[in-house]
Amino acid sequence: MPQAYLPILLALAVAFALGGVLLAVSWVAAKRTGGRVKLSTYESGLPLLDRSRKRLSIAFFLIAIDFVVFDVEAAFLYPWVTVLREGGWPIFWAVMVFVGLILIGFAYVWKKGGLEIVTRVANRPRGLSA
Amino acid sequence: MSHELLDALAKMGFWLALLLQVTPIMLWVERRAPAMMQDRLGPNRVGPFGFFQAIADVGKFVFKEDFEPATANRGLYLLAPMLALVPCMTTYLVLPFGPELEVAGRTILSVVIDSDSGVFVFLALASLGVYSLVLAGWASNNKWSMMGAIRASAQMISYELALTLAVVAALVPAGSLNLQRVVEQQMDDRLLGFLPAWGVFVQPLGFLVFLVAMFAETNRLPFDLPEAESELVAGYHTEYGSMRMAFFFMGEYMNMAVLSALAATLYFGGWSLPGLDLTQYSGIVPGLLGMGILWAKIGLFLFLYVWVRWTFPRFRYDQLMRLGWKILLPLSIVNLVVVAVLVISGRI
């Protein structure tokens, strides 16, 4: 029954209300002064040297893809937990086949270096070890 | 208004009254506890034992100018700190804090949402936390924020896997996603005749994986790479100040508290204490006592956070990802299989 989950909406409203009240207090109490330099992007005290939204390492993309695969696996395991005791070995082996298939993929990703964050070792200055 | 809604509101107020104390108390503990560990005094001038230092901090946050960087993406920049508060202020709804209560002839459950998909709701709401970091980093339009946000999101989703699989294994003995069933199962059974059947004794490996993943999920040392000040200024909240910055702190501390509560519920018997039967009391006393026991366990976890922070140095980022993917994830799968085999063969 969906109305049992109504408190989630209430709690969300409370969270946003609390945040709003605190921000309002701060907005009223705090002194504000202008300044073009103050509002500029922070660059450790220097004039802006760099763009903020630049290219990222492909490794982060691979991590995200791996996450989706494993999270779907975990989502399948939750209903399995509730029937495991009555279901016994047939249920256990059915899911183990599924986990095994995922693990083969995991081993492949691992072997291919898909889990490595440092990928461009060749570009490092000499004398620095990984 | 119906009785159910009023009950829910009362229980939520009970939780929030305690949860909102966590940030000021932890601000104080995080100064005094490391001072003790490093053989120095720490702030001790404001109030008894320096306790009002936390109130001075709050005052400072309130009176600071809340500016927005000129190049920021305004809507998302304002939304991100709010979203930091949302997950930790909703997840407590499925955590049980006592046995069934008999008040004025009615039976009241000591949990706000008595759901058979309780843990699922918890994890679904808790994983919303990553949006706050990513939006903060993106909307600030600052390279430090952006890099911190990318690191943070990769770290959180990586350790979420280990955490989720450890939680699955912790649910196997009870065979239910309802956390009240999990607590009852730990309360009723005995291991080897004397040990309480707490999850930590049944699956120590699972608890270890959960503990490490819990530290990484809350971005605490030794996993605070998203805000590593020596390399990233302040990470995703570089461009935040005043109350908005305080929201990220509040979110972090309350998140630590609710994840500690989940750890206590899954691995340390939740609101129950071996040898103490809470149902012998009448009225709302069992609920109050249960809440007290649960928060005592949460308090121990919170102290562990501080203790670990001042004990272990920070990881390097590639070491962090290696630990998550190549060690914790396989370990959590091994733990799950072992627990499942033990349960099916009737050992637990």
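Read the figures in this text as sums done on the coordinates, not as results from a lab. Being a predicted model, the structure only gives us computed values, none of them experimental. Here the Cβ is made from the backbone with ideal geometry for all residues, glycine too, and neighbour counts use every protein chain on show.
Miscellaneous remarks
- Most mobile of B:84, B:33, B:169 in a GNM of chain B (Cα contacts under 10 Å): B:33
- Calculated [θ] (222 nm, deg cm²/dmol) that DSSP helices of n ≥ 4 give over chain B, each run adding -39,500 (n - 2.57): -19500 deg cm²/dmol
- Order of B:134, B:167 - criterion: other Cβ atoms within 10 Å of each residue's Cβ, fewest first: B:134, B:167
- The count of lysine pairs in the protein assembly as shown whose Cα atoms are under 18 Å apart, excluding pairs fewer than 8 places apart on the same chain, comes to 7.
- For chain A, calculated [θ]222 nm from helices alone, where every DSSP H run of n ≥ 4 adds -39500 (n - 2.57): -21500 deg cm²/dmol
- Normalised contact order of region A:2-123, rounded percent, pairs of Cα under 8 Å and 6 or more residues apart: 27 percent
- For region B:1-54 versus region B:193-244, the gap between their alpha-carbon centres in whole angstrom: 19 Å
- Taking a sphere under 14 Å around the Cβ of residue B:218 and counting the other residues whose Cβ falls inside, with K and R at +1 and D and E at -1, yields a net charge of -4.
- A simple charge model with +1 on the Cβ of Lys and Arg, -1 on the Cβ of Asp and Glu and nothing else charged puts the dipole of chain A at about 980 debye relative to its Cα centre.
- The relative contact order of chain B, computed from alpha carbon pairs under 8 Å that lie at least 6 residues apart in sequence, is 24 percent.
- Footprinting exposure proxy for B:282, B:132 (fewest neighbouring C-beta atoms within 10 Å first): B:282, B:132
- Sorted by Cβ neighbour density within 10 Å, fewest at the top, the residues B:100, A:73: B:100, A:73
- Local electrostatic count, residue B:233, Cβ distance below 11 Å [Lys/Arg +1, Asp/Glu -1]: -4
- Counted as membrane-span-like here are DSSP H helices of chain B whose alpha-carbon atoms extend 30 Å or more along the helix's own axis and whose Kyte-Doolittle mean is -1.0 or above; these are B:143-171, B:242-267, B:285-309.
- Using equal-weight Cα scatterers in the Debye expression, the normalised intensity of chain A in log10 at q = 0.13, 0.16, 0.18 Å⁻¹ is -0.99, -1.03, -1.08.
- Other residues within the sphere of radius under 13 Å centred on the Cβ of residue B:25, judged by their own Cβ, net out at 0 (K and R +1, D and E -1).
- Residue with peak Gaussian network fluctuation, chain B [Cα springs, cutoff 10 Å], from B:244, B:106, B:314: B:106
- Reported to the nearest whole Å, the Cα centre-to-centre distance from region A:54-96 to region B:73-133 is 23.
- Calculated on the alpha-carbon coordinates, the convex hull of chain B measures out at 158 cubic angstrom per residue.
- Inter-probe distance in nm under a simple model that places probes 7 Å from Cα toward Cβ, at residue A:93 and residue B:276: 4.7 nm
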